[in-house]
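Since the structure comes first, as structure tokens, the remarks are kept for the end.
The values are calculated or read from the model by the stated rules, or taken from the named source; none is laboratory data. Fair warning: this is a prediction, and the values are worked out from it, not measured in the lab. Here the Cβ positions follow ideal geometry from the backbone for every residue, glycine too, while neighbour counts run over all protein chains shown.
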Amino acid sequence: MKLVILDRDGTLNPLGDDYITSADEWMALPGALEAVARLNHAGWHVVVATNQPGLGRGLFDVVALNAIHAKMHRQVAAVGGRIDAVFYCPHAADEDCACRKPAPGLLEQICDRYGVEREDVHVVGNCAAHLLAGAALGAHLHLVCTGQSAQVEPDGGLPVGLPAGTQLHASLGDFVDQLLPAAPQPANPPMPTTAEAAGAAVPPPGGML
């Protein structure tokens, strides 16, 4: 199974001034959902892992969070894609849980749920916490220069605080461009037959039109 684990805020949607607390506040970054669809069409599964401490602090409830993610699922489906699941940590930083990134617990749950080897997973996000959690897995690491990393130059050096070996990409779409092999270009196709050149229907070998 081919698996990509994405961060949510700043990777799929813009960062707001504060927590996103309702579905009305959630919108996708340009091209992000289309990038998910391209991964799906190439045989990749996509799961989101996100810290949501506003839930534990009472700034929104599970009903509101589910509505946000239902909107996200609908919008990605509208462009032909699918996010398999959303795993979230509701805890604040001072709660000392094992699932809040940069702790790897949330990502470990995903790997266990889907039965994938950790070193085969690609972890993609815009912040150090997400990538540090991925580094603890031994996964392939990718920083997208959006959200918290919007000021990072993808052709520049690796920012301080990120794990060694992290690859930089301008956007989620750019990550997909680099992950997926380019479509092969046909080499000098044969000249059409007389019937084909005239627009006639030529039955394929062993089949019917």
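In the set D120, D112, which member is under 18 Å from N40 (Cα atoms), charged (D, E, K, R) and modelled with pLDDT of 95 or more?
D120
Just the residues that are within 26 Å of G105 (Cα to Cα) and in a helix (DSSP H, G or I), please, taken from the range 36-66.
Going through the range 36-66, the residues within 26 Å of G105 (Cα to Cα) turn out to be 36, 39-40, 43-66.
Selection gives V36, L39, N40, P53, G54, L55, G56, V62, V63, A64, L65, N66.
Considering only residues that are surrounded by fewer than 18 Cβ atoms within 10 Å (Cβ to Cβ) and either under 24 Å from N40 (Cβ atoms) or β-branched (V, I, T) (or both), look in the range 155-172 and name the one that is modelled with the lowest pLDDT.
Across the range 155-172, the extreme among qualifying residues is V160.
So, in the range 108-135, how many residues would count as being assigned to a helix (DSSP H, G or I), in contact with a helix residue (DSSP H, G or I) (Cβ under 6 Å, 6 or more places away or on another chain) and under 21 Å from P159 (Cβ atoms)?
Looking only at that region, the number is 1.
Take the conditions surrounded by fewer than 21 Cβ atoms within 10 Å (Cβ to Cβ) and under 12 Å from the mean Cα position of the chain (by Cα) and apply them to A37. Does it pass?
For A37, the condition - surrounded by fewer than 21 Cβ atoms within 10 Å (Cβ to Cβ) and under 12 Å from the mean Cα position of the chain (by Cα) - is met.
Return only the number of the condition from (1) in contact with an Asp or Glu (Cβ under 9 Å, 6 or more places away or on another chain); (2) farther than 28 Å from G138 by Cα; (3) crowded, with 17+ Cβ neighbours inside 10 Å that T21 does not satisfy.
Failed condition: (1).
Return the residues of the range 5-18 that are more than 14 Å from T146 (Cβ to Cβ) and surrounded by fewer than 24 Cβ atoms within 10 Å (Cβ to Cβ); say none if nothing qualifies.
D17, D18
Yes or no: V144 of a type in the set (V, I, T), under 14 Å from Q52 (Cα atoms), in contact with a strand residue (DSSP E or B) (Cβ under 6 Å, 6 or more places away or on another chain) and surrounded by 15 or more Cβ atoms within 10 Å (Cβ to Cβ)?
When the stated conditions are applied, V144 does not pass them.
Within the range 136-154, can you find the residues that are part of a strand (DSSP E or B) and either out of contact with any Pro (no Cβ under 8 Å at 6 or more places or on another chain) or over 13 Å from P102 (Cβ atoms) (or both)?
Result: H140, H142, L143, V144.
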